[in-house]
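Below is one structure, written out as structure tokens, with a few remarks after it.
We did not get these values from a lab; they are worked out from the coordinates using the rules stated. These numbers were taken from a predicted model, which means no experiment stands behind them. Backbone-built Cβ (ideal geometry, glycine too); neighbour counts: all protein chains shown.
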Amino acid sequence: MLTLRAMERFRIEPFTRMAWVSLIVSDIERSLRFYTELLGLGVVKKGSDGGIMLGPSPETVVATLYEQQDAQPAVGRRGLYHYALLLPNRRDLARVFV
């Protein structure tokens, strides 16, 4: 169990921001429905490389999806482990689970 003192070591600077994630998906339409209908992201841009950039606004990209129809999780893994999206408020977070 981590103590409060141990957890303090993991703090990051308050102005630290993450870049976007790039995800390979086996069904881009299904993934688009998840990100747009459930999480409320919009399509920011469709790239010439086939990637679809998603974000909460036209100025902000948080994820880029690439379709590879035969995509499979790496052996011994279940696929995407974790990434976090910071939602503006609790109401938006609750909307995801309704």
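Below, the figures for the structure above:
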| item | result |
| --- | --- |
| Sequence-distant residues sharing a close amide H with V25 (under 5 Å, placed H) | Y66, E67, Q68 |
| Cα-based shape type of segment 35-74, given that a ≥ b ≥ c are square roots of the gyration tensor eigenvalues and the cut on a/c is 1.5 | oblate |
| Amide proton proximity set for K45, modelled H, under 5 Å, gap of 5+ | M53 |
| Most to least packed among 56-68, 83-95 [average Cβ atoms within 10 Å] | 56-68, 83-95 |
| Listed peptides 28-34, 46-52, 13-19 by packing density, highest first (mean Cβ within 10 Å) | 28-34, 46-52, 13-19 |
